[in-house]
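Some notes on the structure that comes next.
The values are calculated or read from the model by the stated rules, or taken from the named source; none is laboratory data. This one's a predicted model, so the numbers in the text were calculated from it and none came from an experiment. Cβ placement follows ideal geometry from the backbone for every residue including glycine, while neighbour counts extend to all protein chains displayed. Side chains are part of the model used for accessible areas, which takes the heavy atoms of the whole protein and leaves out ligands, DNA and RNA. Shrake-Rupley method; radii C 1.70, N 1.55, O 1.52, S 1.80 Å.
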Amino acid sequence: VRTVRAISPLRQIVRAWRTAGRRIGFVPTMGALHEGHLSLVRRARRENDEVVVSVFVNPTQFGPTEDLTRYPRPFARDAALCRKAGVSALFSPDPPELYSAEYQTWVTVDTLSVPLCGRFRPGHFRGVATVVLKLLNIVQPDRVYFGEKDFQQLRVVQQMVKDLNVPVDVVACPTVREPSGLALSSRNLALSMEERLAAPLVRRALREAGQVLKSRRNVAQAKRAARTVLRKIPGGRIQYVDIVDPVSLGPPSRATGPYLLATAVYVGRTRLIDNLRVG
Ligand code: AMP
């Protein structure tokens, strides 16, 4: 794997691949790679000739009070995992390479950025959409891979690619979980032993709500069922539990679904998100 820190050498590598007719898959990440990320890399390897992984903890998607400095950065380990996974190039720029002092251009995906995490992380999806478009312009992949774990992020990127006619296929990949049901996340590293034991309740809450939704078709009742389970997390604080339409992320369009159940919960200082589709 070639580790590249600057845009111009990456562009050179990509240009050579494109000239040779090689198809390029791209997996953008913030690093601290785990099996979730690696499942995207493996899919990208299957479907393309070359795979680029980016590791960039994007400062513009963190709010002023969020965990930017606390975010884990085990770079040597990430590079080793990329090598083992057969990644062609690892792009890991420092923030000034992507954001100069006079940086001033932003991508806003209006409606999809508002509900769910958008209510609690103002500016987050603007930061996400902006950095993803920048990375797509640098890497110019044929396909880009995103996890359904971050479902709203996936929808925001899909909409941006459609609205701005970005010539890339967005590939959605299923959430990889521990046997306990806990969705793999770089943030799980920050959980204490006790918190980690309680964290699978996040998934269990959504499953319970999903059962209620299937049997009673009652959104309010389903949300209450999720909250009842989430309240069992010691030191937990529910940010939101919501049930929305999986395409618009607005109110479910029909009483029969489909639905997206989504939640964000603080477990101690660590914010965990998860989602479940029903119907
Ligand atoms: P992150 O490094 O958290 O920004 O994630 C980079 C990409 O990996 C995003 O597309 C995430 O949705 C995806 N991802 C993170 N965790 C998982 C998981 N447990 N299963 C599948 N994809 C994931």
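Round to the nearest 0.05 the FRET efficiency obtained for D67 and R11 when R0 = 25 Å and r is the Cβ-Cβ distance.
0.20
What value, in deg cm²/dmol to 500, does the helix sum -39500 (n - 2.57) over DSSP H runs of n ≥ 4 give at 222 nm once divided by the residues of the chain? Write out the running numbers ahead of the final one.
On the way: 10 runs with 108 residues, N = 279.
Calculated at 222 nm, the ellipticity per residue is -11500 deg cm²/dmol.
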Worksheet item: Given a cut-off of under 8 Å on Cα pairs at least six residues apart, what relative contact order in percent is computed for the range 1-122?
Response: 34 percent
Worksheet entry | Residue-normalised accessible area of the range 189-279, expressed per residue, 1.4 Å probe, Å² | 51 Å²
Worksheet item: Taking the Cα centre of the range 55-139 as the origin, how large is its charge dipole in debye, to the nearest 20, when only Lys and Arg (+1) and Asp and Glu (-1) carry charge on their Cβ atoms?
Response: 340 debye
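Length gain on complete extension for the stretch L197 to A255, per 0.36 nm per residue less the alpha carbon to alpha carbon distance? Can you show the working numbers first?
Details: separation 58, 0.36 × 58 = 20.88 nm, distance 3.51 nm.
Between L197 and A255, full extension yields an extra 17.4 nm.
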Practice prompt. Compute the acute angle (0 to 90°) between the alpha-carbon long axis of helix 75-84 and the principal axis of greatest extent of the alpha-carbon atoms of the chain; round to the nearest 10°.
Written response: 80 degrees
Worksheet entry | Antiparallel DSSP beta bridges within the range 139-279, percent to nearest 5 | 80 percent
Worksheet, complete the sentence: the chain -> Rg/Rh from Cα coords, Kirkwood Rh, value 0.97
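Using a cut-off of 12 Å between beta-carbons, work out the net charge of the residues near F125 (Lys and Arg +1, Asp and Glu -1, F125 not included). Before the final figure, lay out each step's value.
Values: positive: R119, R121, R126, R155; negative: D110, D150.
After counting each charged neighbour, the total is +2.
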Worksheet item: So how compact is the range 74-189: Cα radius of gyration and Dmax in angstrom?
Response: 15.6, 47
Worksheet item: Cα-Cα pairs above 19 Å in the range 204-279: how many percent?
Response: 29 percent
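Tell me the net charge near Q159. Cut-off is 15 Å between Cβ atoms, Q159 excluded, with +1 for each Lys or Arg and -1 for each Asp or Glu. Walk me through the intermediate numbers first.
Details: positive: R126, R155, K162; negative: D110, D150, D163, D169, D245.
My count for the surroundings of Q159 gives -2.
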Worksheet, complete the sentence: Taking Lys and Arg as +1 and Asp and Glu as -1, residues besides R216 with C-beta under 14 Å from its C-beta add up to +3
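So for the chain: antiparallel DSSP bridges make up what percent, rounded to the nearest 5? Each step should come with its number before you reach the end.
Values: 18 of 37 bridges.
The antiparallel proportion sits near 50 percent.
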Worksheet item: Can you list residues whose amide H is under 5 Å from S54's amide H, if they're 5+ apart or on another chain and H is modeled 1.01 Å from N?
Response: V27, T29, F91
Discussion item. What is the distance in Å between the Cα centroid of the range 102-169 and that of the range 1-56?
Written reply: 18 Å
Item to complete: List the aspartates and glutamates whose Cα lies under 13 Å from the Cα of K134, skipping any in the same chain that are fewer than 8 positions away.
Response: E97
Discussion item. Which residue, A209, N188, P96, has the largest displacement toward the positive end of the dipole of the chain when charges sit on each Cβ (Lys, Arg +1; Asp, Glu -1)?
Written reply: A209
Worksheet item: What's the angle, to the nearest 10 degrees (0 to 90), between helix 219-230's Cα axis and the longest principal axis of the chain?
Response: 80 degrees
Practice prompt. Compute the length gained on full extension between R207 and W106: take 0.36 nm times their separation in residues and subtract their Cα-Cα distance, giving the result in nm to one decimal.
Written response: 32.7 nm
Worksheet item: Say each of D245 and R277 gets a label point 7 Å from the Cα, pointing the same way as Cα to Cβ; how far apart are those two points in nm?
Response: 1.6 nm
Practice prompt. Report the label-to-label distance for D169 and D94 in nanometres (one decimal), using points 7 Å from each Cα along the Cα→Cβ vector.
Written response: 3.8 nm
Worksheet item: Stretch E178-S215 to full length: gain in nm at 0.36 nm per residue minus the Cα-Cα span?
Response: 10.6 nm
